Amino acid sequence: MCGIVGYVGNKNATSVLIRALKKLEYRGYDSAGIAVYTGEEIVVQKVKGMLKNLSERITGEVIPEGLKGKEYTDYENKLALKTDDFIKGSLGIGHTRWATHGEPSDLNSHPHTNMDGTISIVHNGIIENYAELKAKLQAQGVVFKSQTDTEVVVHLLDQKYKATGDIFKAVIETLHVLEGSYALGVICKNYPDRIIAARKESPLIVGLGQGENFIASDVPAILEHTRDVYYLGERELAVLYNDHVDLFNFEGEKIIKEPSHVEWDMDAATKGGYEHFMIKEIHEQPKGLTDTMRPRIVKDDSGKPVDVFFEENKMDDAWKTADRVVITACGTAYHAGVVAKYAFEKIARMKVDVDVASEFRYRDPILDKKDIFIVISQSGETADTLSALRLAKENGLKVVAITNCVGSTVSREADDVIYTLAGPEIAVASTKAYTTQLLCLYLLAIKAGKLRGTVSEEEATKLLTELEGIPAKIQQILDGKEVIQKFASQQFNKDKIFYIGRQFDSATSLESALKLKEVSYMHSEAFAAGELKHGPIALIDPQTLVVAIASQPALYDKIGSNMVEVKSRGATVLVITQDEKAFEGKTDEVFKIPECSDTLASILTVIPAQLFAYYCAVQRGFDPDKPRNLAKSVTVE
Ligand code: F6R
């Protein structure tokens, strides 16, 4: 998704903006641009392609071919700094664009400007009524340069400014005309001391520096300058000067809010010695899980875990009386929901419906006020998930959100929020967010089980004790990752990879297949193992790798038979299990996971699958952090 930055201060804005945009690269983009006020005019530079292309365009210098690794990064940084020699000014806005309306091109890139070049804006989101607004503006003689929805905003703003003579009033009036979602950054030649920023349904933060202030779509962009931020709320505006920031609502009334202090440091948002964010984040899972579970597990005086505690604990009564849990999410977060279905049924004996959020909202779902509605979203900004949340609330349901992002829209709109404390997840493919989501869902199921009397004190203690041991077990798997790396180096050219499993393991199969296809572009699918014989087995040939996930001892015989079925048809078979002996003669390779109960094993079985996906991507020469066509935060439907 698009990334926005803005700077007002005493430094040269050009390189500050480009370097800040670099920190937002993880969001995915296809073009980049900046607008800087030089004291005389607003200079705009924008290009299709990467940020390096922007620095090259501004400086006229090209990064030499053949540079790799640190040499390349150093050169790119040097070039970004050099842009200050070409565009001088200490007020500016910048943007990385992920195309929605209009192809990726120089003209469609942001910032966009009014016809006389005196107002410039960057935008993240979608203006839903842009076609109608554009037609009206064109009829009044406005000439559009791009195919974007965004350009209507700057021309509208221009009209309102000419009518009111006041840029702030013009912004407010413009916002009232716009439908859709937006985070906006605005600069105006006649107001060279300020940036105006606004948000509705798209994330935007304000970074508070000393003699300088920033806007950004996300914290990593400003972390090298400040840790003090305002998370702009829904329908809020900020006017930033170099020495202070004023906040307003969309009615133009001043509002007061407390700044937040960001605890995590730059290292948490950079690669910290790993080759890619994805492998770094896979390795951060023991820590993320420990951080997420520590404040939630209640112990008695002897140190025995006895209960679960969530900071925002408003819904105990609802859990006692609910008949059903409804879970909606997208992608990986949805897969966490599928695992949760098995967990809630088994531990809390509750009926569970799990839905892909993009489907849920269009099918007139049957909802009951007594249902508990759970949304899961790493970013807390996924448009489909948000719409599902809103639909549930419109129907009078209480919503519990599980998210990794403090201040995200999901976190603000839900009744009850459970944060996964995984730290920032930068790689597009979700890993540590997924396992911490699973952990929160397990904790919630145990809590619900206790409240509903389906879990005894003894069983709760047993499950919680086992959960406490999970981070060390993941570490054990990570310590043996070379086996997986070697296997990936033998299998990365396979035509088809099928993941099979039963019950909890069929849910892990879904996530494992998604991870592999996302980063390695290998064709991978997941099947409930018993379904093979109803069709998919026709695809099996010697170019197929079948990965069986087998952590449910009661089903070893069944999945073992499925493994034999595919092996006898020429497939290579790998099993992920805690009991290699159970599959002797039925498999070509084993990834062993540490001993674990079948109820909780899903947090472990996914780890070898994440590593396998990562190593296949690297073997095939792809950058796992930036899979093609994918964005980290999908804020459009
Ligand atoms: C897969 C992945 C996506 C996200 C999905 C939902 O690795 O990251 O499938 O899980 O786009 O995103 P969130 O969790 O931010 O709502």
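The values are calculated or read from the model by the stated rules, or taken from the named source; none is laboratory data. Note that the coordinates shown come from a computational prediction; the quantities given were computed from them, not determined experimentally. Glycine gets a Cβ as well: all are built from the backbone with ideal geometry, and neighbour counts include every protein chain shown. Quick note on the areas: whole protein, heavy atoms, side chains included, nothing else; ligands and nucleic acids left out. Shrake-Rupley method; radii C 1.70, N 1.55, O 1.52, S 1.80 Å.
Assorted remarks:
- Members of the range 293-303 found to be modelled with pLDDT of 90 or more and out of contact with any strand residue (DSSP E or B) (no Cβ under 7 Å at 6 or more places or on another chain), listed by number: Met293, Asp301, Ser302, Gly303
- Filtered by the rule that a residue be modelled with pLDDT under 95 and open to solvent by less than 30 Å² (accessible area, probe 1.4 Å), the range 23-45 gives Leu24, Glu25, Tyr26, Arg27, Gly28, Tyr29, Ser31.
- The residues on offer are Glu71, Glu76, and the sole one that is in the same structural domain as Ile121 (by TED's automatic domain parsing) and open to solvent by 70 Å² or more (accessible area, probe 1.4 Å) is Glu71.
- Evaluated against (1) at pLDDT 95 or above; (2) open to solvent by 10 Å² or more (accessible area, probe 1.4 Å); (3) not aromatic (Phe, Trp, Tyr), Glu224 falls short on exactly one condition, (1).
- Residues of the range 148-165 satisfying the condition of being out of contact with any helix residue (DSSP H, G or I) (no Cβ under 7 Å at 6 or more places or on another chain) and in contact (Cβ under 8 Å) with a residue 24 or more places away in the chain: Thr148, Thr150, Glu151, Val154, Asp158
- Residues that are among the aliphatic types (A, V, I, L, M), within 30 Å of Ala388 (Cβ to Cβ) and more than 23 Å from the chain's Cα centre (by Cα) are absent from the range 274-294 altogether.
- One residue stands out among those in the range 445-461 that are touching a residue at least 12 places away in the same chain (Cβ under 8 Å) and either within 30 Å of Tyr29 (Cβ to Cβ) or open to solvent by 10 Å² or more (accessible area, probe 1.4 Å) (or both): the one that is farthest from the ligand (Cβ to nearest atom), which is Glu457.
- Under the condition of being assigned to a loop (DSSP other than H, G, I, E, B) and of a type in the set (D, E, K, R), the residues counted in the range 13-53 number 4.
- Residue list for the range 600-636, filter: more than 14 Å from the ligand (Cβ to nearest atom) and surrounded by fewer than 20 Cβ atoms within 10 Å (Cβ to Cβ): Gln619, Arg620, Gly621, Phe622, Asp623
- Counting only helices (runs of 4 or more DSSP H) that fall entirely inside the range 458-572 and contain at least 1 residues that are over 23 Å from Ala433 (Cα atoms), the qualifying elements are 481-491, 556-567.
- Test for Leu81: is it assigned to a loop (DSSP other than H, G, I, E, B), touching a helix residue (DSSP H, G or I) at 6+ places or on another chain (Cβ under 6 Å) and open to solvent by 20 Å² or more (accessible area, probe 1.4 Å): no
- All conditions but one from (1) touching a residue at least 24 places away in the same chain (Cβ under 8 Å); (2) part of a helix (DSSP H, G or I) apply to Lys581; the one that does not is (1).
- Residue in the range 85-98 that is without any contact (Cβ under 8 Å) to a residue 24 or more places away in the chain and at negative phi present: no
- The range 328-339 residues that are without any contact (Cβ under 8 Å) to a residue 12 or more places away in the chain, paired with ones that are surrounded by 23 or more Cβ atoms within 10 Å (Cβ to Cβ) and part of a helix (DSSP H, G or I) (beta carbon under 7 Å, 6 or more apart): none
- Residue match in the range 481-491 (condition: within 16 Å of the ligand (Cβ to nearest atom), assigned by TED's automatic domain parsing to the domain that holds Val573 and open to solvent by 10 Å² or more (accessible area, probe 1.4 Å)): no
- Every residue from the range 276-306 that is open to solvent by 60 Å² or more (accessible area, probe 1.4 Å) and of a type in the set (Lys, Arg): Lys287, Arg294, Lys299, Lys304
- All positions within the range 408-426 that are within 17 Å of the chain's Cα centre (by Cα), within 14 Å of the ligand (Cβ to nearest atom), farther than 30 Å from Ala460 by Cα and surrounded by fewer than 24 Cβ atoms within 10 Å (Cβ to Cβ): Pro424, Ile426
- Only helices (runs of 4 or more DSSP H) whose full extent lies in the range 310-402 are considered here, and the ones with at least 3 residues that are within 15 Å of the ligand (Cβ to nearest atom) are 331-343, 357-360, 383-394.
- Criterion (of a type in the set (D, E, K, R) and modelled with pLDDT of 95 or more) met by exactly one of Glu531, Glu518, Glu580, Glu565: Glu518
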